Amino acid sequence: MERCDLIVSNAVIVDGSGSEGRLGSVAVDGGKIVAVGDVSGWSAEETIAGDGLVLAPGFIDVHTHDDMAVLKTPDMTFKVSQGVTTVVAGNCGISVAPFTTEGSFPPPFPLLGEAQEFRFPTVAAYQEALESNRPAVNLALLTGHSSLRVIAMGEKLDQAADSAQIAKMKEVLHLALKQGCIGFSTGLGYPPAMRAPEAEIIALADVLREFPAAVYATHMRDEGDHVVAAVEETLRTGRKAGVPVVISHHKCAGRSNYGRSGETLKLIEAARATQKAGLDVYPYTASSTVLLPEYVRESDDVLITFSDPHPEHNGRRLEDVVAEWGCSLNEAIERLYPAGAIYFQMDEEDLKRILSYPPSMVGSDGLPGQPRPHPRLWGTFPRVLGRYVRQLKLFSLATAIHKMTGLSAETFGLKDRGFVREGYVADLVLFDPDTVEDAGTFEDPEQPSHGISTVIIDGAVAWQGGAAAGARRGQFLTH
Ligand SMILES: [Zn+2]
């Protein structure tokens, strides 16, 4: 008999590859998986009875804004409680590192935190902060284009970068990748990057080529009326720079664009014959970001998630606040700003089509630290497993898990993660496929999900029986 730290016995192991589950046990030692299936040669310090529940690789949330949250709320309950063991941060062009500013702090940077909290000129400084107070989950970081723009261009962001500014951004990006960033992100639909031409993005994405596993993830220039052109631009950027692309939180926003995911997915599918192209999606028909008039215009309804000057309106409908104030919509938005909102602006049929498209990964796009966050922050992964797998039978459980684990690890180059395999890191989630479900609502979003039994990160129990179990062994993941 060999000794090991932990055995999870008699579970249905769904290994992350997309293959159906099979009954077996998993042995863990020193943070690694040492045996899968038959563990009769092992005896463990601690055994967790699987009881026929599903044992899967810990979920990888490929689209997060958890850069600051891992430092401020290292227990990361909103993620661990839904089975997430790794987050990819630095999305949508805004990364907390590398970042320095002489004062420029335009939207959407306030989604991450306050200006004075941005104190990491290098990725190495950020990694040090993270490792000195380890969070429960692992984190991999993308370098944000808008962060680079603020570093190189200061307040003058409403124009294309000149050649000296591009050179500066390339230098900072190169160092960030050398220090362990796993790729580059843009937020081309947001004010700090809207005026960046395609050529600027291609010039920067080109830096990734020296780093073979690096990816380019983009919150595209447009997710509404011009979404098709935006997908074309994204694919062209990937081709010209010769890098893999990931389309972030793919959607077709606004009533007049309902149904257009048919077109966008066709484009992505055709491109995949000759280039690496992926996408992520969250399982809700409402989005959430900073409060901006252009998003309000394309939405059926808007809820306020936070307002710094008017916190008394957190959680209220924007329309009701406008009526109460008796002012114009634009004036109300100005008075509420800095503020965030939830926008009801998508079609369930598009969501189902995107979610069930085989290359799609699950990413929450959750926004931590808000008084009334979008429920995706707490519920994304259990919602896919409960609503879309068990209730609507959109795809199999094994397929869903692949979209949350193996596919995500492969796309983002997270080695030794995303699969239940010997030699892989023991990031695992044990859950009940008959009861797993999100619990948060738009009215009451901060609710741990149902059916998540045990979450193991780096071989230690981080969540059990509906409560945090204390382990904080998250690592800064690099290629
Ligand atoms: Zn985004």
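Remarks
- Among the residues making up region 85-94, those that are more than 23 Å from Asp427 (Cβ to Cβ) and of a type outside the set (A, V, I, L, M) are Cys92, Gly93.
- Residues of region 111-131 satisfying the condition of being open to solvent by 30 Å² or more (accessible area, probe 1.4 Å) and farther than 27 Å from Ala213 by Cα: Glu114, Ala115, Gln116, Glu117, Arg119
- Leu329, sole failed condition from (1) open to solvent by less than 50 Å² (accessible area, probe 1.4 Å); (2) free of Cβ contacts under 8 Å to residues at least 40 places away in the same chain; (3) out of contact with any Leu (no Cβ under 6 Å at 6 or more places or on another chain): (1)
- Qualifying position, being within 16 Å of the ligand (Cβ to nearest atom), farther than 26 Å from Thr380 by Cα and crowded, with 24+ Cβ neighbours inside 10 Å, among Ser147, Ser95: Ser147
- Test: residue in region 358-374 that is among the acidic types (Asp, Glu), modelled with pLDDT of 95 or more, open to solvent by less than 20 Å² (accessible area, probe 1.4 Å) and not in a loop (DSSP other than H, G, I, E, B): no
- So Pro368, is it within 15 Å of the ligand (Cβ to nearest atom) and at negative phi: yes
- Remark: pairs (first residue in region 195-212, more than 14 Å from Leu148 (Cα to Cα); second residue hydroxyl-bearing (Ser, Thr, Tyr); Cβ separation under 9 Å; 6+ apart in sequence or on different chains) = Glu198/Thr237; Ile202/Thr237; Leu208/Tyr216.
- Number of the condition not met by Thr305 [criteria: (1) open to solvent by 10 Å² or more (accessible area, probe 1.4 Å); (2) under 13 Å from Pro338 (Cβ atoms); (3) assigned to a strand (DSSP E or B)]: (1)
- Filter result for Pro106 (within 16 Å of the ligand (Cβ to nearest atom), open to solvent by 10 Å² or more (accessible area, probe 1.4 Å) and not in a loop (DSSP other than H, G, I, E, B)): no
- Subset of region 167-189 (residues that are touching a residue at least 24 places away in the same chain (Cβ under 8 Å), more than 16 Å from the ligand (Cβ to nearest atom) and more than 18 Å from Phe412 (Cα to Cα)): Met169, Lys170, Val172, Leu175
- Ser288 vs. criteria within 16 Å of the ligand (Cβ to nearest atom) and of a type in the set (Gly, Ala, Ser): yes
- Residue match in region 255-269 (condition: at pLDDT 95 or above and either within 14 Å of the ligand (Cβ to nearest atom) or in contact with a Gly (Cβ under 7 Å, 6 or more places away or on another chain) (or both)): yes
Listed here are the residues, each with its yes/no results for (1) within 16 Å of the ligand (Cβ to nearest atom); (2) touching a Ser or Thr at 6+ places or on another chain (Cβ under 9 Å).
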| position | (1), (2) |
| --- | --- |
| Ser43 | no, no |
| His63 | yes, yes |
| Thr77 | no, no |
| Phe99 | no, yes |
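- Among the residues of region 371-384, those that are closer than 15 Å to Leu351 by Cα and not polar (S, T, N, Q) comprise Arg376, Phe381, Arg383, Val384.
- Qualifying residue in region 299-313 (condition: within 16 Å of the ligand (Cβ to nearest atom), in contact (Cβ under 8 Å) with a residue 24 or more places away in the chain and polar (S, T, N, Q)): yes
- So Ser81, is it without any contact (Cβ under 8 Å) to a residue 60 or more places away in the chain, touching a strand residue (DSSP E or B) at 6+ places or on another chain (Cβ under 7 Å) and at negative phi: no
- Those residues of region 158-172 which are closer than 13 Å to Glu200 by Cα, surrounded by 15 or more Cβ atoms within 10 Å (Cβ to Cβ) and not small (Gly, Ala, Ser), in sequence order: Gln165, Ile166, Lys168, Met169, Lys170
- Residues considered: Pro212, Pro192. Of these, the only one that is in the same structural domain as Met361 (by TED's automatic domain parsing), modelled with pLDDT under 95 and either buried (at least 18 other Cβ atoms within 10 Å of the Cβ) or more than 16 Å from the ligand (Cβ to nearest atom) (or both) is Pro212.
Residues checked against (1) aliphatic (A, V, I, L, M); (2) open to solvent by less than 10 Å² (accessible area, probe 1.4 Å):
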position: Ile13; (1), (2): yes, yes
position: Leu23; (1), (2): yes, no
position: Val28; (1), (2): yes, yes
position: Val34; (1), (2): yes, no
position: Glu46; (1), (2): no, no
position: Gly52; (1), (2): no, no
position: Ala56; (1), (2): yes, yes
position: Ile60; (1), (2): yes, yes
position: Leu71; (1), (2): yes, no
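- Against the numbered list (1) open to solvent by less than 10 Å² (accessible area, probe 1.4 Å); (2) of a type outside the set (Ser, Thr, Tyr); (3) assigned to a helix (DSSP H, G or I), Arg390 comes up short only at (1).
- Restricting region 228-248 to residues that are surrounded by 23 or more Cβ atoms within 10 Å (Cβ to Cβ) and within 16 Å of the ligand (Cβ to nearest atom), the residue that is farthest from Phe412 (Cα to Cα) is Val231.
The values are calculated or read from the model by the stated rules, or taken from the named source; none is laboratory data. Every value quoted in this text rests on a predicted model; they were computed, and no experiment measured them. Using ideal geometry, Cβ is built from the backbone for each residue, glycine included, and neighbour counts are taken over all protein chains shown. With ligands, DNA and RNA removed, areas are computed over all heavy atoms of the protein, side chains included. Shrake-Rupley method; radii C 1.70, N 1.55, O 1.52, S 1.80 Å.
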